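Everything below concerns the one structure shown next.
The values are calculated or read from the model by the stated rules, or taken from the named source; none is laboratory data. Note that the coordinates shown come from a computational prediction; the quantities given were computed from them, not determined experimentally. As a convention, Cβ positions derive from the backbone with ideal geometry for all residues, glycine included, and neighbour counts pool all protein chains shown.
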Amino acid sequence: MKVLVVDDETDVQVLFEQRFRREIRAGEFQFAFAHSGEKAMDYLNQQSSEYILILSDINMPGMSGLELLQKIRTIYPTSPPTVMMITAYGDADSYNQAMQLGADAFLTKPLDFTNLKEKLKSAL
């Protein structure tokens, strides 16, 4: 499964590659990384034929994760990718807004990678 991780923090890539090292080697997951909502849309436009699960931070400069989610749900209404939102702020407003926009899950930082792996595998 291809997973697109969208987060403006560049160290997220190293963290995911370390935590999913075994799954990446086994070919269970392929990760791509975008450091902004705009770059994520560019990636999706180029890779639109592939099934992608998207993990997106909410708070990013430029296009926020919620704006990205709204665009994804507008552009891909018939075969939507699974979108999981991630935030350091587990407030009810962000949760409610993400769910109203069509998020499949809402995760808080710091990420529990054991829980995340279970969620990703159940989305396969």
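Before moving on, here are some points about what is shown:
- Any hit, region 109-117, residues being at pLDDT below 95 and touching a Ser or Thr at 6+ places or on another chain (Cβ under 9 Å): yes
- Taking the criterion of being of a type outside the set (A, V, I, L, M, F, W, C), under 20 Å from MET99 (Cβ atoms) and at pLDDT 95 or above, the residues of region 26-63 that qualify are GLY37, SER56, ASP57.
- Residue match in region 8-25 (condition: farther than 14 Å from PHE113 by Cβ, in contact with a Pro (Cβ under 7 Å, 6 or more places away or on another chain) and either modelled with pLDDT of 95 or more or in a loop (DSSP other than H, G, I, E, B) (or both)): yes
- Flag not set for ALA34, criterion: surrounded by fewer than 17 Cβ atoms within 10 Å (Cβ to Cβ), under 18 Å from ASP11 (Cβ atoms), hydrophobic (A, V, I, L, M, F, W, C) and touching a residue at least 24 places away in the same chain (Cβ under 8 Å).
- Output for region 37-57, where each listed residue is closer than 23 Å to GLU67 by Cβ and either free of Cβ contacts under 8 Å to residues at least 40 places away in the same chain or of a type in the set (Lys, Arg) (or both): GLY37, GLU38, LYS39, ALA40, MET41, ASP42, TYR43, ASN45, GLN46, SER48
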